[in-house]
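Notes follow the structure.
The values are calculated or read from the model by the stated rules, or taken from the named source; none is laboratory data. Please read these numbers as outputs of a predicted model, since none were measured by experiment. Glycine gets a Cβ as well: all are built from the backbone with ideal geometry, and neighbour counts include every protein chain shown. Heavy atoms of the whole protein, side chains included, go into the accessibility calculation; ligands, DNA and RNA do not. Shrake-Rupley method; radii C 1.70, N 1.55, O 1.52, S 1.80 Å.
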Amino acid sequence: GAVVSQHPSWVICKSGTSVKIECRSLDFQATTMFWYRQFPKQSLMLMATSNEGSKATYEQGVEKDKFLINHASLTLSTLTVTSAHPEDSSFYICSARGQAGGVGEQFFGPGTRLTVL
Amino acid sequence: GENVEQHPSTLSVQEGDSAVIKCTYSDSASNYFPWYKQELGKGPQLIIDIRSNVGEKKDQRIAVTLNKTAKHFSLHITETQPEDSAVYFCAANSNNNDMRFGAGTRLTVKP
């Protein structure tokens, strides 16, 4: 199946700093990428949807100035958590979809565990 | 928008027994229903999916059934093994084609 990578797999940072997470589709072109957040023992919460070359669409309650998303190419999307605080500590997972329009499978990355001290 | 409910939240079975996880969805326009397996500290992995034009799909020990009229779909795992232990998520695509997930089922297969 399609492979999606994330980097880094884990990161620890100080409060107030910014952290960038990369999501790459390794063997297919991803027209759409999704960013999710997952708290321990909970389901995946969609944060935003990004289409290559256009601005991301954020879910209600997700601050777009806090969570900056860039989808500059068909194989790379980045999520930057700006001025991170301890409450931003979570497991961040991206997924990628390669089919343009219609119904397409989503393939998930391995996730990035962010810990803000 | 789409709302997906999943039951049970936890499931414990003996090795070799079957496990069934059920989901319901609210949007009658949804037409794609994947199931994901998530192991601790990892991202979800697609294990099987079904589209609305079929009622059942099977892949070795895993099967999924779909009842469009009742708007529910189920995951069936037969001959369970300890390595099947994980959290399983069902999902349904919403009207703008992003995925809505169930709350997850923690499956434990006891040897």
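Some notes on this structure:
- Solvent-accessible ranking of A:113, B:51, largest area first, probe 1.4 Å: A:113, B:51
- Residues in region A:25-30 carry Karplus couplings, in order, of 8, 8, 10, 7, 8, 9 Hz; the curve used is 6.51 cos²θ - 1.76 cosθ + 1.60 with θ = phi - 60°, and Gly or Pro positions show x.
- The share of Cα pairs per 10 Å bin across chain B, counted from zero up to the longest distance, runs 16, 49, 29, 6, 0 percent.
- The modelled label-to-label distance between residue B:20 and residue A:17, using points 7 Å beyond Cα along the C-beta direction, is 5.1 nm.
- If R0 is taken as 30 Å, the Cβ-Cβ distance between residue A:27 and residue B:27 corresponds to a FRET efficiency of 0.45.
- Under 5 Å, built H, 5+ apart or other chain: amide partners of residue B:27: B:3
- At R0 = 22 Å, FRET efficiency that the Cβ-Cβ distance of residue B:57 and residue A:45 yields, to 0.05: 0.20
- Taking the accessible area of region A:26-117, probe 1.4 Å, and keeping the other protein chains in place, the carbon and sulfur fraction comes to 52%.
- Residue A:11 accessible area, assembled protein chains, probe 1.4 Å, Å²: 30 Å²
- With all protein chains kept in place, the per residue accessible area of the protein assembly as shown amounts to 48 square angstrom at a probe of 1.4 angstrom.
- Summed over both chains, the area buried between A and B is near 1600 Å², taken from the accessible surface of protein heavy atoms with a 1.4 Å probe.
- Label separation (residue A:66 vs residue B:12): 3.7 nm, computed from points 7 Å beyond Cα along the C-beta direction.
- Unsatisfied cross-links (Cα-Cα over 21 Å) in the set A:41/B:57; A:41/B:22; A:20/A:41; A:64/B:42; B:37/B:110: A:41/B:57; A:20/A:41; A:64/B:42
- Rolled with a 1.4 Å probe across the full set of protein chains, the surface gives residue A:20 an accessible area near 120 Å².
- By accessible area with a 1.4 Å probe, ligands and nucleic acids excluded, highest first: order of B:101, B:89: B:101, B:89
- Test item: Cα-centred dipole of chain B, Lys/Arg +1 and Asp/Glu -1 on Cβ, debye: 160 debye
- Karplus (6.51, -1.76, 1.60) ³J(HN,Hα), θ = phi - 60°, over region A:34-48, in Hz, Gly and Pro reported as x: 10, 10, 10, 10, 9, 8, x, 6, 10, 7, 7, 10, 5, 9, 6
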